[in-house]
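Have a look at the structure below before the remarks.
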Amino acid sequence: MQKHIIVDPDKCTGCEICEFVCSQVHTGAFNPYFSRIKAIRIEPIINFALGCQFCKDPPCVAVCPWKALEKDEETGTINVNPDKCVGCGFCIRACEFGAISMSLKDNIVLICDQCKDIEDGPQCVKYCPREAITFETLDSFAQRERRKTTEKLIAGLAKVEK
């Protein structure tokens with residue numbers, strides 16, 4: 001089963017550490033413009049980090065006229081071929097999540113690769129101070145959410161019985 005980077009909006013504070021870590025890992029610079037995960041802030045309500053959702057049939061891959069994007073069927077990640085990417089931005093416009101950005105440095109798209117070349121996995125997960133980012137299968141995520149919901153229901157019933 002493929003693993004995904006999942007952000008819990010109840011835990012995420014929008015601190016942007018994930019962006020800085022991602023940019024450092026991939027470019028050697030602490031610059032959120034080079035990050036493949038983006039913090040979204042709509043004050044005062046929403047603080048949330050968002051990266052590639054690894055769509056089953058990714059529109060970014062389908063729309064690329066240069067065939068610069070390819071889905072890795074094993075991991076689900078979208079690989080960018082820098083020799084083919086011309087920075088046209090069609091993939092950016094096709095992404096319904098706004099999870100693709102353009103490198104200001106070399107005009108090539110930036111898409112989360114789950115830190116595939118790093119032994120201990122996605123660094124945004126490792127360094128998130130609130131443990132708001134996890135790297136897991138959708139099945140394990142769904143099971144955890146079912147458990148949380150059930151625990152809330154039980155707690156609510158206990159209050160009603162008192």
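Bear in mind that the values in this text are calculations on the coordinates, not laboratory data. Everything quoted here is computed from the prediction, not taken from an experiment. Cβ sites come from the backbone with ideal geometry, for glycine too, and all protein chains shown count toward neighbours.
Key figures
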| item | result |
| --- | --- |
| Estimated FRET transfer efficiency (Arg144, Leu104; beta-carbon r; R0 45 Å; 0.05) | 0.75 |
| Spatial separation of Cα centroids for the range 18-59 and the range 106-138, in angstrom | 9 Å |
| Cα gyration tensor, the range 54-100 - rounded (a/c under 1.5), prolate or oblate | oblate |
| Sites Ala94 and Tyr127 - FRET efficiency at Förster radius 35 Å, r taken between beta-carbons, to 0.05 | 0.70 |
| Partnerless Cys - the chain, beta-carbon criterion under 4.7 Å | Cys12, Cys15, Cys22, Cys55, Cys64, Cys85, Cys88, Cys95, Cys115, Cys128 |
| Model label zone, Lys56; criterion: amide N under 15 Å from point 7 Å along Cα-to-beta-carbon; scope the range 66-87 | 76 |
| Relative packing of 37-50, 145-158, which averages over residues the other C-beta atoms within 10 Å, highest first | 37-50, 145-158 |
| q = 0.12, 0.17, 0.22 Å⁻¹, the range 48-162: log10 I(q)/I(0) [Debye, one scatterer per Cα] | -0.56, -0.91, -1.28 |
| Whole-number percent relative contact order across the chain, with pairs defined as alpha carbons under 8 Å at least 6 apart | 27 percent |
| Candidate lysines - alpha carbon under 17 Å from Lys116, same-chain residues fewer than 8 apart omitted | Lys3, Lys71, Lys126 |
| Nearby lysines by direct alpha-carbon distance to Lys162 (threshold 26 angstrom, same-chain neighbours under 8 apart not counted) | Lys148, Lys152 |
